[in-house]
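Peer 1: Here it is: the structure, laid out below.
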Amino acid sequence: MTLRPMRGRRRSGSNPVAGGHPTTAAGHQLDCLHVDLLGLTVRTRRLLSDASFSAPHGSLTAIIGPSGAGKSTLANLIAGTVRPTSGGVTFGGHNLHAHYAALRRRIGLVPQDNILHHQLTVEEALGYAAELRLPRATHDERRRAVDNVLDELELTHRRQTRVDKLSGGERKRASVAMELLTGPSLLILDERTSGLDPALDRQVMTMLRRLAAAGRVVLVVTHCLTNLDVCDQVLFLTITLRCNGCAATGAERRCGFRTEKTAQASATAVTGTRI
């Protein structure tokens, strides 16, 4: 099932062109994301089916749904770390999986678990990450990249603090900072607000809103429904149980045949947000 087109005002600085892809005034195509009938089947098990949606430049999209619906699978497919068995992903006018080597530095994936070493300070952890992710940059360029992400995520005052001394929300922001070092224009976060209290969840979602407003396409997988009002759209994954060639919703059919989960994408724009 396909997302209905996003409603609302046109993004500033863009003009429609043939084919429907927005461009800048200079004619350069903006980094818009298009997911078309995306699916993944492993052996005989279908993990995701017919996920379709679009996310324009400067937008924040939440991906929600029950456990096992395929939210993390969808995130990994869009990030390019897993290749789909059907459908495709287009980013900035390019097939993401066919041109992954050229696009990978423009994509940031923040996983569920914090990957920062707890015994390092924030500045040390980001410094080592910058050496790995920006191998051709000079020492001064890497230092500026670290300074820029600390400033953008409001962590400058915590740069000399050990990671294990940060609050839960600060650790989440530090993990995001690591992915921002390469300046990605597509940022995907898998359960980055899990385990946070409502106030911290709001802080993280507001931060993601700012990151999107700065010109990125931001996707966030979340179980929390409290702060979806800051998003431009919500993608809801559902589970369909298939049995002997037919589909059943709700409880699993008990007919003796093997069933299979299928995640399908459907969503509507969030009322009252910036769309």
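Peer 1: Return the total of residues in region 128-146 being touching a Lys or Arg at 6+ places or on another chain (Cβ under 7 Å) and either among the hydrophobic types (A, V, I, L, M, F, W, C) or buried (at least 18 other Cβ atoms within 10 Å of the Cβ) (or both). Before the answer, list the steps.
Peer 2: So in region 128-146, the residues touching a Lys or Arg at 6+ places or on another chain (Cβ under 7 Å) come out as 130-131, 134.
Next cut, either among the hydrophobic types (A, V, I, L, M, F, W, C) or buried (at least 18 other Cβ atoms within 10 Å of the Cβ) (or both) only: 130, 134.
So the count comes out to 2.
Peer 1: Here's another thing I want to ask about it. Given the options Gly256, Gly245, name the one that is small (Gly, Ala, Ser) and modelled with pLDDT of 50 or more. Walk me through how you get there before you give the answer.
Peer 2: On the way: Gly256 fails: modelled with pLDDT of 50 or more.
Answer to the selection: Gly245.
Peer 1: Working carefully through the options Val221, Val204, Val149, find the one that is more than 19 Å from Ala75 (Cα to Cα), open to solvent by less than 50 Å² (accessible area, probe 1.4 Å) and out of contact with any Cys (no Cβ under 8 Å at 6 or more places or on another chain). If you could, list the steps in order and put the result at the bottom.
Peer 2: Working: Val221 fails: more than 19 Å from Ala75 (Cα to Cα); Val204 fails: more than 19 Å from Ala75 (Cα to Cα).
One residue alone meets the criteria, Val149.
Peer 1: So the check is Cβ under 7 Å with 6+ separation or different chains; which pairs have a first residue in region 193-207 that's within 18 Å of Asp232 (Cβ to Cβ) and at pLDDT 85 or above and a second one that's basic (Lys, Arg) and open to solvent by 30 Å² or more (accessible area, probe 1.4 Å)?
Peer 2: From region 193-207, the pairs are Met207/Arg173.
Peer 1: Can you name the residue in region 152-170 that is touching a Leu at 6+ places or on another chain (Cβ under 6 Å) and under 24 Å from Ala212 (Cβ atoms) and is also surrounded by the fewest Cβ atoms within 10 Å (Cβ to Cβ) among such residues? Before you say what the answer is, go through the steps one by one.
Peer 2: Taking region 152-170 first, the residues touching a Leu at 6+ places or on another chain (Cβ under 6 Å) are 156, 159, 163, 168-169.
Add one more test, that the residue is under 24 Å from Ala212 (Cβ atoms), and what stays is 156, 168-169.
Working: Thr156: 13, Gly168: 16, Gly169: 18.
Only one residue fits best here, namely Thr156.
Peer 1: Among the residues of region 151-169, is there at least one that is more than 22 Å from His118 (Cβ to Cβ) and either under 24 Å from the mean Cα position of the chain (by Cα) or part of a strand (DSSP E or B) (or both)? Lay out the reasoning, then the answer.
Peer 2: From region 151-169, those more than 22 Å from His118 (Cβ to Cβ) are 151-152; that's our starting set.
Next, from what is left, pick out any that are either under 24 Å from the mean Cα position of the chain (by Cα) or part of a strand (DSSP E or B) (or both): 151-152.
Among the residues of region 151-169, at least one is more than 22 Å from His118 (Cβ to Cβ) and either under 24 Å from the mean Cα position of the chain (by Cα) or part of a strand (DSSP E or B) (or both), which makes the answer yes.
Per-residue answers, yes or no, for (1) touching a Ser or Thr at 6+ places or on another chain (Cβ under 8 Å); (2) open to solvent by 60 Å² or more (accessible area, probe 1.4 Å); (3) modelled with pLDDT of 95 or more; (4) more than 30 Å from Arg171 (Cβ to Cβ):
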site: Ser72; (1), (2), (3), (4): no, no, no, no
site: Ala79; (1), (2), (3), (4): no, no, yes, no
site: His97; (1), (2), (3), (4): no, no, yes, yes
site: Arg104; (1), (2), (3), (4): no, yes, no, no
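Peer 1: Quick test for you: out of Thr61, Thr73, Thr81, Thr121, pick the one residue that is out of contact with any Cys (no Cβ under 9 Å at 6 or more places or on another chain) and within 20 Å of Pro184 (Cα to Cα).
Peer 2: Unique residue meeting the criteria: Thr81.
Peer 1: One residue is enough: does region 83-94 have a residue meeting the conditions at pLDDT 95 or above, of a type in the set (Ser, Thr, Tyr) and surrounded by 17 or more Cβ atoms within 10 Å (Cβ to Cβ)?
Peer 2: For region 83-94, residues at pLDDT 95 or above, of a type in the set (Ser, Thr, Tyr) and surrounded by 17 or more Cβ atoms within 10 Å (Cβ to Cβ): present.
Peer 1: For a quick check of your reading of the model, give me the residue pairs whose first member lies in region 227-242 and is modelled with pLDDT under 90, whose second is open to solvent by 20 Å² or more (accessible area, probe 1.4 Å), with beta-carbon atoms closer than 6 Å and at least 6 apart or on different chains.
Peer 2: Between residues of region 227-242 that are modelled with pLDDT under 90 and residues that are open to solvent by 20 Å² or more (accessible area, probe 1.4 Å), the close pairs are Asn227/Arg202; Thr238/Gln264; Ile239/Lys261; Thr240/Ala247; Leu241/Glu252; Leu241/Thr259; Arg242/Glu260.
Peer 1: So is Leu200 among the aliphatic types (A, V, I, L, M) and touching a strand residue (DSSP E or B) at 6+ places or on another chain (Cβ under 8 Å) or not?
Peer 2: Working: among the aliphatic types (A, V, I, L, M): yes; touching a strand residue (DSSP E or B) at 6+ places or on another chain (Cβ under 8 Å): no.
So Leu200 fails the test.
The values are calculated or read from the model by the stated rules, or taken from the named source; none is laboratory data. Here the structure is a predicted model, which is why all the values come from computation and not from measurement. All Cβ positions, glycine included, derive from the backbone under ideal geometry; neighbour counts span all protein chains shown. Please note that ligands, DNA and RNA were not included when accessible areas were found on the heavy atoms of the full protein model with its side chains. Shrake-Rupley method; radii C 1.70, N 1.55, O 1.52, S 1.80 Å.
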